[in-house]
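Okay, so here's the structure we're looking at.
The values are calculated or read from the model by the stated rules, or taken from the named source; none is laboratory data. Worth saying up front: this structure is predicted, and the values here are computed from it rather than measured. In this analysis, Cβ positions are derived from the backbone assuming ideal geometry, glycine residues included, and neighbour counts consider all displayed protein chains.
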Amino acid sequence: MPNTQKADHVGMAGVIYAITAFLIWGLSPLYWKLLKSVPAFEILMHRMIWSFLFFVPLLLIQRRFREFTAILKNTRVLLILLGTTLIVGLNWFLFIWAINNDHVLQTSLGYYINPLVNVFLGLIFLKERLRPLQTLAVILAGVGVTYQTVSLGVFPWVALTLAFSFGFYGLIRKVAPVGALIGLSVETLLLSIPALAYLVYLNHIGTGAMLRAGLFIDGLLMGSAFVTALPLLLFTRGARRLNLATLGFLQYIAPSCTFLLAVFLYREPLSWTQVATFILIWVALVIYSVDSVLFYRRRAGIYSSKKSPHRPASR
């Protein structure tokens, strides 16, 4: 297969992987709504345990179990992952709670804001310099959130907590030299230990959902591992095949799906103030995305010009 055809094939496969991952994430409220009868914290505990049990065979198949056990012996990395475990646990809990308490629109707003929060955190903690268009995008997002808070008198704490918790999760994971599969395996293991104790306690006092709420609920609780792990694996495969600019555009599929579910399926109220906020966020994201594409192309052009030798002009 010629190199161009091979590159196109790899690129198309990457797009399919990434789109599938973002669709699963964006449509996941449909899944969590089915578990509305189960407390969000209990769902989270099941999600951690079943996800870890799902990751173990993957570690064995990919022959990475030694890498996994090596991390458990590395105190510094383990402490970092303990911190990320608590943060991702908060993020997952709040997302499930928000879905099942009719705040789907807030979760959509949170994940729209997240890329801009990442830029802001990079400025504060990594001393990264913002490009002019990035600065404008962050300001517009801030104006949108402030406008909604002042106009409605309600602080969008769900959206901001989701955005900042996921932002800090990514920021701290930059410090830990651990891949996605190994990192999540360790994180789910760390929370699985207290989670198992908690679920055993619930079973002891007779309030746990497992084995009491029916086979359908049992299956959904166990299936939370697939909702957690499958999109992550697809995303990882897609990210390896795509450039950051393409991946950046595709990531808006997830909050867009969630937004559409909130408005058209779950009929959550959408005021003109909220519409204005979303419009400001969308404009900010367009600016941010255009800036990312321009920056990526410029950097790719510089890299290719350095890599290719200078050829004498033809006569």
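Miscellaneous remarks
- The number of residues in segment 197-244 that are among the aliphatic types (A, V, I, L, M), assigned to a loop (DSSP other than H, G, I, E, B) and touching a residue at least 60 places away in the same chain (Cβ under 8 Å) comes to 4.
- Residue selected from segment 197-229 under the condition at pLDDT 90 or above and under 16 Å from the mean Cα position of the chain (by Cα), by the criterion surrounded by the fewest Cβ atoms within 10 Å (Cβ to Cβ): PHE226
- Some residue of segment 254-263 being over 26 Å from SER151 (Cβ atoms) and either among the aromatic types (Phe, Trp, Tyr) or not in a helix (DSSP H, G or I) (or both): no
- Residues located in segment 161-187, provided they are closer than 13 Å to LEU94 by Cα and among the hydrophobic types (A, V, I, L, M, F, W, C): LEU162, ALA163, PHE164, PHE166
- For ILE182: the one exception among (1) modelled with pLDDT of 90 or more; (2) outside any helix (DSSP H, G or I); (3) of a type in the set (Val, Ile, Thr); (4) buried (at least 20 other Cβ atoms within 10 Å of the Cβ): (2)
- Hey, GLY167 touching a Lys or Arg at 6+ places or on another chain (Cβ under 7 Å) and either more than 30 Å from PRO269 (Cα to Cα) or in contact (Cβ under 8 Å) with a residue 12 or more places away in the chain (or both) or not: no
- Any hit, segment 151-160, residues being among the hydroxyl-bearing types (Ser, Thr, Tyr), over 21 Å from PHE93 (Cα atoms) and more than 13 Å from the chain's Cα centre (by Cα): yes
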